[in-house]
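Heads up: the structure comes next, in structure tokens.
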Amino acid sequence: MSRAVRVVCAATTALHRDMKEAADALGKFLVEAFHLLALFAIGATTVWSALAAFAGMVAAGQAGLADILLLFIYLEIGAMVGIYFKTTRLPVRYLIYIAITALGRVLIEIVGAEQRAGTDVLIVAGAILLLSFAALVLRFGSYKYPSDRPEGDLSLVKGKKR
């Protein structure tokens, strides 16, 4: 009887291992497929929005500074999607650049609408200064203390497979 139990235990252990490997492979595939679909959706939406904004500028016959900054925001989002697509890492600095540009648009709208310099202008300018300092710290930190990347990520960045 103990031999039969050992055979059953070995068979169930092997079956469990095989099922886990199959589930892990399927899960990895589904996650990668979702990432690719989401990247394409974000990229397509960014291009669509940028084209719609540009068409609005052409229809208006002019583009203000806020409109141009909006196009820069779309450019940064596109660059961020491209970097994530190539390296599977989200560059946080690009998010900070987008936030700085968006705050620049807010600053232009505040000054353009009210024609006065109040506390709103100081708050937005302070936020831009704080975000600029954060970008500087991130840049210095990534230079001074580079992240430990898995070997697979390094081969993707270099464009080689080992």
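The values are calculated or read from the model by the stated rules, or taken from the named source; none is laboratory data. These numbers were taken from a predicted model, which means no experiment stands behind them. All Cβ positions, even for glycine, are placed from backbone atoms using ideal geometry, and neighbour counts span all protein chains on display. Heavy atoms of the whole protein, side chains included, go into the accessibility calculation; ligands, DNA and RNA do not. Shrake-Rupley method; radii C 1.70, N 1.55, O 1.52, S 1.80 Å.
Can you tell me which of Ala60, Ala50, Ala55, Ala22 is at pLDDT 90 or above and within 19 Å of the chain's Cα centre (by Cα)? Working first, answer last.
On the way: Ala60 fails: within 19 Å of the chain's Cα centre (by Cα); Ala55 fails: within 19 Å of the chain's Cα centre (by Cα); Ala22 fails: within 19 Å of the chain's Cα centre (by Cα).
Exactly one of Ala60, Ala50, Ala55, Ala22 is at pLDDT 90 or above and within 19 Å of the chain's Cα centre (by Cα), namely Ala50.
Go through segment 101-113 and give me each residue that's among the β-branched types (Val, Ile, Thr) and open to solvent by less than 40 Å² (accessible area, probe 1.4 Å). Quick ask: steps written out before the conclusion?
Let us first name the residues in segment 101-113 that are among the β-branched types (Val, Ile, Thr), namely 101, 106, 108, 110-111.
Selection gives Thr101, Ile110.
Could you tell me whether segment 29-36 includes any residue that is open to solvent by less than 50 Å² (accessible area, probe 1.4 Å) and either touching a residue at least 12 places away in the same chain (Cβ under 8 Å) or farther than 29 Å from Ile128 by Cβ (or both)? Break it down stepwise before answering.
Step one: of segment 29-36, the residues open to solvent by less than 50 Å² (accessible area, probe 1.4 Å) are 33.
Among the residues that remain, those that are also either touching a residue at least 12 places away in the same chain (Cβ under 8 Å) or farther than 29 Å from Ile128 by Cβ (or both) are: 33.
Among the residues of segment 29-36, at least one is open to solvent by less than 50 Å² (accessible area, probe 1.4 Å) and either touching a residue at least 12 places away in the same chain (Cβ under 8 Å) or farther than 29 Å from Ile128 by Cβ (or both), which makes the answer yes.
Ala55 is checked against (1) touching a residue at least 12 places away in the same chain (Cβ under 8 Å); (2) farther than 23 Å from Val137 by Cα and fails just one. What number does that condition carry?
The single condition Ala55 does not satisfy is (1).
Please work out if Phe133 is at pLDDT 90 or above and either surrounded by 14 or more Cβ atoms within 10 Å (Cβ to Cβ) or touching a strand residue (DSSP E or B) at 6+ places or on another chain (Cβ under 6 Å) (or both).
No; evaluated as a whole, the condition is false for this residue.
For segment 57-100, which positions are part of a helix (DSSP H, G or I) and of a type in the set (Val, Ile, Thr)? Steps first, please.
Going through segment 57-100, the residues part of a helix (DSSP H, G or I) turn out to be 57-60, 65-87, 92-100.
Result: Val58, Ile68, Ile73, Ile77, Val81, Ile83, Thr87, Val92, Ile96, Ile98, Ile100.
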